[in-house]
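Asker: Below is a structure I'd like to ask you about.
Computed from the coordinates by the stated procedures, all read-outs in this text should not be read as laboratory data. Nothing here was measured: the structure is a model prediction, and the numbers come from that model. Here the Cβ positions follow ideal geometry from the backbone for every residue, glycine too, while neighbour counts run over all protein chains shown.
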Amino acid sequence: MVEEAKQRRKGQKMTQRELALLAGVSTPTISRFENGEDDLQLSSVNKILKVFGMIDRRILTFPDSTIGGAARAIWEHDTVEFWGFDGDNRIRCCISEETLKDRFPNDGWTFITIFQRNRPVIEQMARRKYLAGKIDEDGSITIQSVDW
């Protein structure tokens, strides 16, 4: 990443001083960063990388079910649908009944109950898929047994 940032700076014909001003760090910090020194603060590194768009700012959050995050079973597709948010963007997520039964103990529960009892783990899997770019053509995230 350091070499990539350095090449981007040079490709834009930007001096270390100009980069320092844009990033809000000192010129010696830019020099230490580009020389690969390991005594830099993470916040300084993040500021430098942000200048070049090298930090992924995506995040997938799941609202509390009491404020719009309720899941619903879609019986004709045998899935549970739930929604996450990346800023103002609503992201459809779903997990199949088969995956719920394969992955989680169920003791005869309905698949919406299995989902509700395991929601934090399921949301974390949806978040991992989203951040890894494993998104369906329609922009949704489908969790399958093979994802674990």
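Asker: Return the residues of the range 1-34 that are touching a residue at least 40 places away in the same chain (Cβ under 8 Å) and in a helix (DSSP H, G or I); say none if nothing qualifies.
Answerer: GLU4, ALA5, ARG8, ARG9
Asker: Go through the range 127-148 and give me each residue that's surrounded by fewer than 18 Cβ atoms within 10 Å (Cβ to Cβ), in a helix (DSSP H, G or I) and within 14 Å of the chain's Cα centre (by Cα).
Answerer: Correct list: ARG128, LEU131.
Asker: Does GLY108 fit the bill of being on the phi > 0 side of the Ramachandran plot and either within 14 Å of the chain's Cα centre (by Cα) or among the polar types (S, T, N, Q) (or both)?
Answerer: no
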